[in-house]
1. Quick check: pseudo-label points 7 Å beyond the Cα along Cα→Cβ at residue 412 and residue 266, how many nm apart are they?
2. Order the peptides 47-53, 409-415 from the highest to the lowest mean number of other Cβ atoms within 10 Å of their residues.
3. For residue 111 and residue 73, FRET efficiency with R0 = 35 Å and r from the beta-carbon atoms, rounded to 0.05?
4. Tell me, what is the percent relative contact order of the chain, built from C-alpha pairs under 8 Å that lie six or more residues apart?
5. What ranking, highest mean first, results for peptides 255-263, 393-401, 17-25, 418-426 when packing means the other Cβ atoms within 10 Å averaged over each residue?
6. If region 320-368 were replaced by its equivalent ellipsoid, with semi-axes equal to the square roots of 5 times the Cα gyration tensor eigenvalues, what would those be, largest first, whole Å?
7. Please order 228, 122 by the number of other Cβ within 10 Å, starting at the fewest.
8. Counting alpha carbon pairs within less than 8 Å and at least 6 residues apart, what relative contact order, in whole percent, applies to region 31-187?
């Protein structure tokens with residue numbers, strides 16, 4: 001049994017299931033797969049054709065007459081014929097031989113009717129004709145209307161005698177909706193001539209490096225969630241909390257992939273299924289090179305396996321030695337900076353954008369000792385908005401290791417604060433305030449209820465009054481905690497320093513137990529009545 005697997009002919013045994021042919025193919029579990037009947041069978045049954053000309057395409061929809069059946073048998077012969085002649089009433093393409101019945105009677109034709117005619121009442125010189133307006137005429141056949149021109153009607157008036165058709169092709173889209181389907185059931189049986197698409201491949205544009213990086217982050221796990229679907233596009237609305245710039249715009253042809261960079265829905269990724277005009281709010285990031293049927297059939301709520309060319313170049317979080325191997329596997333050279341030891345952890349790479357890095361001779365990787373990477377545990381379920389804000393401020397939303405710039409620290413202070421963004425922090429509603437105590441190592445953000453909104457802090461000792469940024473409960477949103485050593489984090493740290501953080505799923509430390517019903521004593525700063533947020537903290 002023969003099938004087409006991701007565009008390539010493959011021979012499989014009769015009775016094979018979908019899972020049997022996916023072993024060596026790009027596919028992520030839980031993604032949908034497109035299955036379609038033999039294209040030859042579909043072409044035989046379709047009623048829609050497209051006449052390709054140098055002035056643009058012309059759409060033809062066939063009727064159910066015997067003349068339309070004859071056209072399906074002949075269209076490949078007609079495909080390279082020229083505009084033989086035209087009048088104010090008709091346009092003629094041809095000629096080509098047929099065995100059509102000749103008639104000398106006159107027939108009524110409606111505007112944009114497409115019909116067969118003979119020259120000199122001889123079937124050996126048959127023409128494909130289009131009525132430019134409604135009229136009665138004698139064209140050597142018994143009417144022989146095969147269908148009607150449905151699209152590209154304006155092109156008819158632009159065509160000149162002698163111009164040759166560029167081709168005629170059957171349009172299978174409407175029929176494919178009935179003859180093709182998607183499934184994530186790997187036990188689905190395969191049929192003779194069936195086409196299988198397990199992934200969507202996108203070739204990225206070098207001229208839109210920022211938007212391309214956003215696209216790569218959205219699909220970094222090889223799966224694209226389809227959150228929105230219309231007749232015009234399929235789209236992904238995850239990861240929209242980004243700041244993008246205007247890069248490359250253009251006509252959004254079928255197969256074009258864009259990222260909206262401004263306005264409502266900024267950051268949304270679009271896969272266009274129909275041609276749309278230029279929009280200055282959309283950057284073109286690439287084009288679909290494989291899996292067009294899969295993305296066309298995908299519905300909102302489904303997931304598709306996605307490959308990009310090139311793949312993302314991201315070595316942050318690897319050791320210097322691992323980063324070297326990863327870069328060399330991509331044909332790139334590494335230039336080490338900072339701690340250059342093999343076991344040093346890469347915390348920065350330059351260039352960081354894939355579409356810039358892939359064209360560089362060398363990639364610089366900045367390394368630090370592993371103990372300088374501070375492990376943190378975040379609480380997305382308890383503080384979703386603060387979690388989103390924290391990941392955006394630190395860069396953890398798009399890379400494995402984030403950065404935090406020290407805003408204020410001082411010896412013997414019970415906390416350390418880091419720079420945030422007051423504008424972004426203005427939308428941080430109060431959530432997940434601390435309970436009886438803010439514990440040592442807690443990470444918090446000042447919410448919108450306080451003037452220094454958006455400030456990030458880490459608690460260095462336990463307090464039953466003040467949170468990680470020195471605010472009281474109502475002004476504090478707890479977002480996580482430091483799992484690694486606070487002593488290492490604080491060693492010789494100064495204002496303006498950068499610290500590096502990495503998420504971990506390590507469980508939180510056990511809470512301190514009470515001894516005979518009394519909590520263990522903790523070191524406390526004397527309460528002046530003015531709170532802890534004074535001086536440079538504000």
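What follows draws every value from the coordinates through simple rules; no lab data is involved. Since we're looking at a predicted model, the values are computed, not measured. Heads up, the Cβs are rebuilt from the backbone with ideal geometry, glycines too, and the neighbour counts pull from every protein chain shown.
1. 4.6
2. 47-53, 409-415
3. After rounding, the FRET efficiency stands at 0.85.
4. 11
5. 255-263, 393-401, 418-426, 17-25
6. 17, 11, 8
7. 122, 228
8. Relative contact order for region 31-187 comes out at 35 percent.
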